[in-house]
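As structure tokens, the structure follows; a few thoughts come after it.
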Amino acid sequence: MKGLSRRRIVAVSLVLLVIWACTALFALAVGSVRIPPRTLIRLVAERVSGRSPLEEPFATILFSIRLPRVCLGSLVGAALAMAGAAFQSLLRNPLADPFVLGVSTGASFGTILYSLLTASWGAAEAAAGLAYGRPVAAFAGAALVVAAVYFLSGSGRGTADSSQRLLLSGIVLASFLSSINVILLTSTSQADLRGIFYWLIGDLSRPVDASIYVVTLLVLAGFLLLYPFSRSLNLIATGEEDAAILGIEVPRVKAGVYLVASLITGAVVSVSGPVAYIGLICPHLGRMMFGSDNRILFPAVFVFGAIFTLLADTLARTLLSPAELPVGVITALVGAPLFVYLVRRGSGQ
């Protein structure tokens, strides 16, 4: 930990930001309708300079469809990757992520319940105008799942056994809530059913609304709140008792990380659905490339999560073009084998 310099942290973050910008431009250009690079650069330059681009089909596709989707994908990937890194560091288990722990499913449960209740009370239009309604409901669902998992696992004392109990409790509770979500969705209209089930898999194609501004603020605030815990989590990784001896308030750190990671997970799930395994894949690859020091891992994974999600969503949009797949299908196809590999490697050790 002592050998890590602030210059290296900044350098890694800047390099990843450049890669993210290139990935975003690639995602903006590629799709069922390809936008030529020169046209893309011209349209972006005109928009940045304040001049309205000419009314042409490319401008409509770029700024009304693809740009919001690229921004949403970046936000979702960054938040879930950051939450996954925080959970894995806290539990000292590379299998922990918001999806596996049931946090994403709890957030989707809160979102679905909020939507159904506002519809049944005849307040759907008012709720749609309430930008923070769905993120708050999703966070409440995520926080309740974290509390339930922590209770069912026996309020783990930091041992490896308690970490495994947390994971198993999360998997069981996620399966239970997934069934509840399906039961709740049977009361929706048939016309909305396909879109909702796509959302349950993890989908970025749904139009964004005013809640995206609240979600963006929550994710950025979550990063700023989680990063100061990076040094404490480094010490907790050596053992909770040793960290306490060194002056770390372990219960406060655990409560803060659980709360903030659940907050940003709930925020993005409310708009994208529970996209699987981003919080598992990105931290694992981040540790392979940059090491396990959270001071560099957290900012690196935050940007890397956005890059990975943009690439996955671009593949989902183009693989069966003009038809589209939910992005959760692609992340699950990548993440599930990695999960099995980590389980087998852990059992071998």
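The values are calculated or read from the model by the stated rules, or taken from the named source; none is laboratory data. Values in this document were obtained by computation on a predicted structure and should not be read as measured data. Cβ coordinates were reconstructed from backbone atoms using ideal geometry, including for glycine residues, and neighbour counts include every protein chain displayed.
Answer with yes or no whether Pro207 is in the same structural domain as Ser270 (by TED's automatic domain parsing), over 16 Å from the mean Cα position of the chain (by Cα), in a helix (DSSP H, G or I) and surrounded by fewer than 13 Cβ atoms within 10 Å (Cβ to Cβ).
no
To keep it simple, each residue is scored yes or no on (1) of a type in the set (Lys, Arg); (2) exposed (fewer than 15 other Cβ atoms within 10 Å of the Cβ); (3) assigned by TED's automatic domain parsing to the domain that holds Ser153.
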position	(1), (2), (3)
Ala11	no, yes, yes
Val15	no, yes, yes
Phe26	no, no, yes
Ser49	no, yes, no
Ala59	no, no, no
Ala85	no, no, yes
Val100	no, no, yes
Val103	no, no, yes
Thr111	no, no, yes
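Among the residues of the stretch 216-262, write down those that are among the aromatic types (Phe, Trp, Tyr) and more than 15 Å from the chain's Cα centre (by Cα).
Hits for the stretch 216-262 are Tyr227, Phe229.
Considering only the stretch 300-344, how many residues are in contact (Cβ under 8 Å) with a residue 24 or more places away in the chain and basic (Lys, Arg)?
Count: 1.
Select, from Gly133, Gly31, Gly50, Gly129, the only residue that is at pLDDT below 90, out of contact with any strand residue (DSSP E or B) (no Cβ under 8 Å at 6 or more places or on another chain) and under 30 Å from Phe229 (Cβ atoms).
Of Gly133, Gly31, Gly50, Gly129, the one residue that is at pLDDT below 90, out of contact with any strand residue (DSSP E or B) (no Cβ under 8 Å at 6 or more places or on another chain) and under 30 Å from Phe229 (Cβ atoms) is Gly133.
Looking only at the stretch 330-349, decide whether some residue is over 20 Å from Ala143 (Cβ atoms), of a type outside the set (Val, Ile, Thr) and part of a loop (DSSP other than H, G, I, E, B).
yes
Kindly state which helices (runs of 4 or more DSSP H) lie completely within the stretch 212-321 and contain at least 3 residues that are in the same structural domain as Thr23 (by TED's automatic domain parsing) and surrounded by 19 or more Cβ atoms within 10 Å (Cβ to Cβ).
Because the criterion is at least 3 residues that are in the same structural domain as Thr23 (by TED's automatic domain parsing) and surrounded by 19 or more Cβ atoms within 10 Å (Cβ to Cβ), the helices (runs of 4 or more DSSP H) in the stretch 212-321 that meet it are 230-236, 250-272, 278-290, 294-318.
Which residue pairs have Cβ atoms closer than 9 Å, lie 6 or more positions apart in sequence or on different chains, and pair a first residue in the stretch 67-82 that is farther than 19 Å from Trp199 by Cβ with a second residue that is assigned to a helix (DSSP H, G or I) and of a type in the set (S, T, N, Q)?
Going by the 9 Å Cβ cut-off, the qualifying pairs are Ala78/Thr309; Ala81/Thr309.
Determine whether Arg42 is within 29 Å of Ser321 (Cα to Cα) and either of a type in the set (Phe, Trp, Tyr) or surrounded by 11 or more Cβ atoms within 10 Å (Cβ to Cβ) (or both).
yes
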